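Participant: Let me begin by handing over the structure; questions about it come next.
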Amino acid sequence: MIRRTHPALSVWAWLVYAFLYLPIIVLVVFSFNDSRFGATWAGFTTKWYGVLFARADVREALTNTLTVAVVSTLISTVLGTLVGLGLWRYTLRFRTALTGLLVLPIVIPDVVMGVSLLMFYAFVRSGLERLGWTFDNGFWTVLLAHVTFQISYVALTVRSRLAGYGPELEEAARDLGATGLRSFTHVVLPLALPGVLAGALLAFTLSLDDFVVTYFTSGSGFSTLPVLIYTNVKRGVTPDINALSALLVLVTVVAIVAANALLRPRRQP
Amino acid sequence: MLTVRRFFATLGPGTLWLAAFLIVPALVMLGYSFLTRTDLAQVGGPWTLEAWGRVFGYDALFQEWTADNARVLWRSVWVAGLSTALCVLMGYPLAFYIARQDARRKNLLLLLLIIPFWTNFLIRVYAWILILRPFDLVPSLSATLLGMVYAFVPFFVLPVYSSVEKIDWRLLEAAQDLGAPPLRAFMTAVFPQTLPGLVAGILLTFIPALGTFVVSDILGGAKTAMVGNLIQNQFGQAGDWPYGSALSFLLMGMVLLGLWSYARRAGQKGLEELV
């Protein structure tokens, strides 16, 4: 239904959208700016993208970012989907506590999550050292941390996808002679699948984007793209970092549009 | 029925993971907050309340009180509060605008809102350096505020939008038919219906704004340090984990207090809707 909107409201809305997109557009434009210090326009160039890909630390951080994102998404999608199914399927006495536990990683400030994991790893390390073992913060510590904040998002996406479907569908499958496993794979899973995929995409994007938790759990020898951007930004603005940021924005846009396309054909129960 | 076997097949692995990597680390942090710094990023006994005393502005012997931390805490609260207020000012009308479009445009406008929502936070904050630097505004408190509003306004608009979307406009018509002037009609017939989204949006803006260190780190200077920066510093240069732990608990306490008062009002469903 189309309703009248006051012209002032439309102007306001477009101003807010302009505000939201101005920095992103400036960033992309400056990534093509042929000037080392980049405050003024000095002509079009794509050389910063070349400079970017020639940097070994950028390539390494890209590999790290993608590896962590893919592996953590696989783990958290399995764990989160199972939690989401459990939340949907069972009447739980401790539902409030469980919801609280799931909401916690989403609401606690990420700096708190990061530093508590940093100390947890140090604590575990000091325990292991007494047994003669040790480990460095790096891929594994970052991976475990990412799964921790991803699980909730997947679980809640899957649960909200299934909300509205009662247990009747599964019961019907059982009445028609399907085994528990078969009714799960042929009835429940196909229903949950769009939610699972959307949750996985969300988890993947969250992992790609995360700076704070990675910053505290990665140690000195391991870095992801956001951490690399941070350390570079702290040293001063460089055009190749603009190019890197512009590329990351592009990746996000593609992921969001894909997630939107996946979620849209949502049938009304 | 949820049997033990079914628990381990569904809810078990995920909740155990969260217990291991969320709850246990919080307990470790709690323990560390009662220890002292023995060296850079090293902690040791004996058990003491020193770190907690320092959080509240006392020296190690609880003799003198300084206002330094109170100032940082107060700054965190008002910077987060002011940026939340600016988000409300910008975002509340926007939610109405989006909700009143036809389905196609609505979907597009929402997508345009979600893209910055999910674009890397660090990059979005960093982009402001490019814009503000020529005006010599970085680092400054106004740059920090601007960055905060920019970073959090999508977090605010989305929940408000979902409330506006559900508004029963017949109430507005009824109010108008009964002769209420426009402002009064809006305040009595429309505004109350948007309250759940408004409160959720304010929480979703205020909580991350209170905890962030990235915005003030990149766009502000030492003078704009917020509690997040104070925490970050304890795990970086200062290497004072007990003090950083106590500060983290204070921050987490402030956040959970806000959520708890919200959950009491909105109940379980409200808490789930927040996510």
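Participant: Could you grab me the full set of residues in region B:27-61 that are farther than 13 Å from B:Ser245 by Cβ and free of Cβ contacts under 8 Å to residues at least 12 places away in the same chain?
Facilitator: Those that are farther than 13 Å from B:Ser245 by Cβ and free of Cβ contacts under 8 Å to residues at least 12 places away in the same chain: B:Thr38, B:Gly44, B:Gly45, B:Pro46, B:Gly53, B:Tyr58, B:Asp59, B:Ala60, B:Leu61.
Participant: Another question, then. Only one of A:Leu92, A:Leu79, A:Leu74, A:Leu62 is surrounded by fewer than 17 Cβ atoms within 10 Å (Cβ to Cβ) and under 20 Å from A:Thr141 (Cα atoms); which?
Facilitator: Numbers: A:Leu92 fails: under 20 Å from A:Thr141 (Cα atoms); A:Leu79 fails: surrounded by fewer than 17 Cβ atoms within 10 Å (Cβ to Cβ); A:Leu62 fails: surrounded by fewer than 17 Cβ atoms within 10 Å (Cβ to Cβ).
Result of the check over A:Leu92, A:Leu79, A:Leu74, A:Leu62: A:Leu74.
Participant: Does region A:14-26 include one or more residues that are over 30 Å from B:Gln101 (Cα atoms), out of contact with any Leu (no Cβ under 7 Å at 6 or more places or on another chain), surrounded by 12 or more Cβ atoms within 10 Å (Cβ to Cβ) and more than 7 Å from chain B (Cβ to nearest Cβ)? Working first, answer last.
Facilitator: Our first condition is that a residue be over 30 Å from B:Gln101 (Cα atoms); within region A:14-26, this holds for none.
Checked region A:14-26: no residue is over 30 Å from B:Gln101 (Cα atoms), out of contact with any Leu (no Cβ under 7 Å at 6 or more places or on another chain), surrounded by 12 or more Cβ atoms within 10 Å (Cβ to Cβ) and more than 7 Å from chain B (Cβ to nearest Cβ).
Participant: Here's something else I'd like to know. Select from region B:150-171 the residues that are more than 31 Å from the chain's Cα centre (by Cα), surrounded by 12 or more Cβ atoms within 10 Å (Cβ to Cβ) and within 20 Å of B:Asp102 (Cα to Cα) and list them in ascending order.
Facilitator: Result: B:Trp169, single match.
Participant: Tell me, yes or no, whether region B:111-133 has at least one residue that is over 22 Å from A:Leu248 (Cβ atoms) and either of a type outside the set (A, V, I, L, M) or within 9 Å of chain A (Cβ to nearest Cβ) (or both).
Facilitator: Looking through region B:111-133, none of the residues is over 22 Å from A:Leu248 (Cβ atoms) and either of a type outside the set (A, V, I, L, M) or within 9 Å of chain A (Cβ to nearest Cβ) (or both).
Participant: Within region B:210-221, is even one residue in a loop (DSSP other than H, G, I, E, B), of a type in the set (Phe, Trp, Tyr) and free of Cβ contacts under 8 Å to residues at least 40 places away in the same chain? Outline the logic, then answer.
Facilitator: In the first step, residues of region B:210-221 are kept if they are in a loop (DSSP other than H, G, I, E, B); the result is B:212-213, B:220-221.
Adding the requirement that they be of a type in the set (Phe, Trp, Tyr) leaves B:213.
Cutting the leftovers down to free of Cβ contacts under 8 Å to residues at least 40 places away in the same chain gives us B:213.
Within region B:210-221, one or more residues are in a loop (DSSP other than H, G, I, E, B), of a type in the set (Phe, Trp, Tyr) and free of Cβ contacts under 8 Å to residues at least 40 places away in the same chain.
Participant: Further question: Got a number for residues in region A:100-130 being part of a loop (DSSP other than H, G, I, E, B) and at pLDDT below 90?
Facilitator: Residues flagged as part of a loop (DSSP other than H, G, I, E, B) and at pLDDT below 90 within region A:100-130 amount to 1.
Participant: Taking region B:118-144 only, how many residues are in contact (Cβ under 8 Å) with a residue 24 or more places away in the chain, surrounded by fewer than 20 Cβ atoms within 10 Å (Cβ to Cβ) and closer than 16 Å to A:Phe19 by Cβ?
Facilitator: Matching residues across region B:118-144 total 1.
Participant: Got a sec? Which of B:Gly44, B:Gly57, B:Gly53, B:Gly81 is of a type outside the set (Phe, Trp, Tyr) and at pLDDT 90 or above?
Facilitator: B:Gly81
The values are calculated or read from the model by the stated rules, or taken from the named source; none is laboratory data. Please read these numbers as outputs of a predicted model, since none were measured by experiment. Positions of Cβ are backbone-derived with ideal geometry, glycine not excepted, and every protein chain shown enters the neighbour counts.
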